[in-house]
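The values are calculated or read from the model by the stated rules, or taken from the named source; none is laboratory data. Model, not experiment: these values are computed from the prediction.
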Amino acid sequence: MLDERKKYSYRCGLILIGVTIFVYLGKYMINISGNVNVDNKITLYTGLIFIILGVIYTFMERKMNLPFYYSINQHGDVNSYVILGIGIALITNTWVSMLIVAVVFAVLAVGIRYFFTPHDEK
């Protein structure tokens with residue numbers, strides 16, 4: 001049986017991949033409509049900023065030992081995995097690259113969450 005730490009880590013990894021697919025689908029639908037072209041430098045740089053912030057937030061959430069939902073009422077609560085997912089969807093241009101990058105960052109984020117010791121456990 002999985003302990004709570006592993007369950008939490010896997011759940012967060014799945015959320016990252018799910019958010020990435022959801023945002024990528026939105027970007028794909030905008031491209032299909034032909035009204036707006038979202039494949040440009042602005043989306044690339046915005047995606048990179050989101051990825052950097054997501055990695056920083058992953059470390060912060062782990063160091064502070066925050067639970068999955070850590071806001072007061074969970075309305076508008078966004079954790080680092082959602083931020084990473086948005087960034088990944090913005091920088092990728094194909095389904096294959098999106099899935100590969102999402103899995104790599106999910107493994108990275110789960111690794112950070114699982115192997116780094118929170119501040120209050122030291």
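Within segment 75-122, the set of residues being modelled with pLDDT of 80 or more and small (Gly, Ala, Ser) comprises Ser80, Gly85, Gly87, Ala89, Ser97, Ala102, Ala106, Ala109, Gly111. Residues that are of a type in the set (Gly, Ala, Ser), farther than 19 Å from Ile112 by Cα and at pLDDT 85 or above within segment 36-74 comprise just one, Gly47.
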